[in-house]
Amino acid sequence: MDCLFCKILQKEIPAGIIYEDDQVIAFNDINPQAPFHALVIPRRHIATLNDISTEDREVVGHMVMVAAKLAQQQGFASDGYRTVLNCNNHGGQTVYHIHLHVLGGKAMGWPPYQDKL
Ligand code: 5GP
Ligand code: ZN
């Protein structure tokens, strides 16, 4: 399977891995949008949020737990941070292996886009 994030998982492509366990890994985003910007991904290849099944509930919950753990470790958990999971074209997904963005270290605006509804 030609998946960039599976290649990072297999260590075929280098990435700044900051956390790993039996279910997920986390690594620094190559094009950071905040002082801290990491991606938490499941070891199992799941293409999009639409492809999550009942058996993935635990790993998806674990991804969120790891995001919170990283924020604690980085020291910005109480100031706040943002997690994002983009799905498909309109969601801005570019890599089709689900990944939870964890962004922190600065105040971020909301809503993210000001386009007309
Ligand atoms: P998406 O737009 O799919 O939600 O997010 C994909 C993210 O993966 C982007 O933030 C992009 O910068 C990041 N990314 C793309 N290619 C690589 C890569 O080769 N290495 C790393 N570390 N991040 C990547
Ligand atoms: Zn994959």
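For the range 26-38, enumerate the residues that are more than 9 Å from ligand 1 (Cβ to nearest atom), in contact with a strand residue (DSSP E or B) (Cβ under 6 Å, 6 or more places away or on another chain) and assigned to a loop (DSSP other than H, G, I, E, B). Within the range 26-38, Ala34 is the sole residue that qualifies.
Of the residues making up the range 1-25, those that are under 13 Å from His97 (Cα atoms) and either more than 10 Å from ligand 2 (Cβ to nearest atom) or in a strand (DSSP E or B) (or both) number 2.
Condition test on Asp29, is it closer than 25 Å to Tyr113 by Cβ and modelled with pLDDT of 95 or more? Spelling it out, Asp29 is indeed closer than 25 Å to Tyr113 by Cβ and modelled with pLDDT of 95 or more. Those residues that are closer than 20 Å to Asn50 by Cα and either assigned to a loop (DSSP other than H, G, I, E, B) or within 7 Å of ligand 1 (Cβ to nearest atom) (or both), I need them from the range 88-111; list them, please. Residues satisfying the conditions are Gly92, Gln93, Thr94, Val95, Tyr96, His97, Ile98, His99, His101. When Ile41 is tested against (1) touching a helix residue (DSSP H, G or I) at 6+ places or on another chain (Cβ under 6 Å); (2) within 11 Å of ligand 1 (Cβ to nearest atom); (3) not in a strand (DSSP E or B), just one condition goes unmet, and that condition is (3). In the range 105-116, the residues that are over 12 Å from Val84 (Cβ atoms) reach residues that are not in a loop (DSSP other than H, G, I, E, B) with C-beta atoms within less than 6 angstrom, at least six apart or across chains, in these pairs: Gly105/Phe36. Among the residues of the range 40-49, none qualifies, meaning not one is more than 16 Å from ligand 2 (Cβ to nearest atom) and more than 13 Å from the chain's Cα centre (by Cα).
Candidates in the range 53-97 are the residues that are over 15 Å from the mean Cα position of the chain (by Cα) and within 16 Å of ligand 2 (Cβ to nearest atom); of these, the one that is surrounded by the most Cβ atoms within 10 Å (Cβ to Cβ) is Asp56.
The values are calculated or read from the model by the stated rules, or taken from the named source; none is laboratory data. As the structure is a computational prediction, the values presented were derived from the model and not from experiment. Counting neighbours? That spans all protein chains shown, and the Cβs are built from the backbone with ideal geometry, glycine included.
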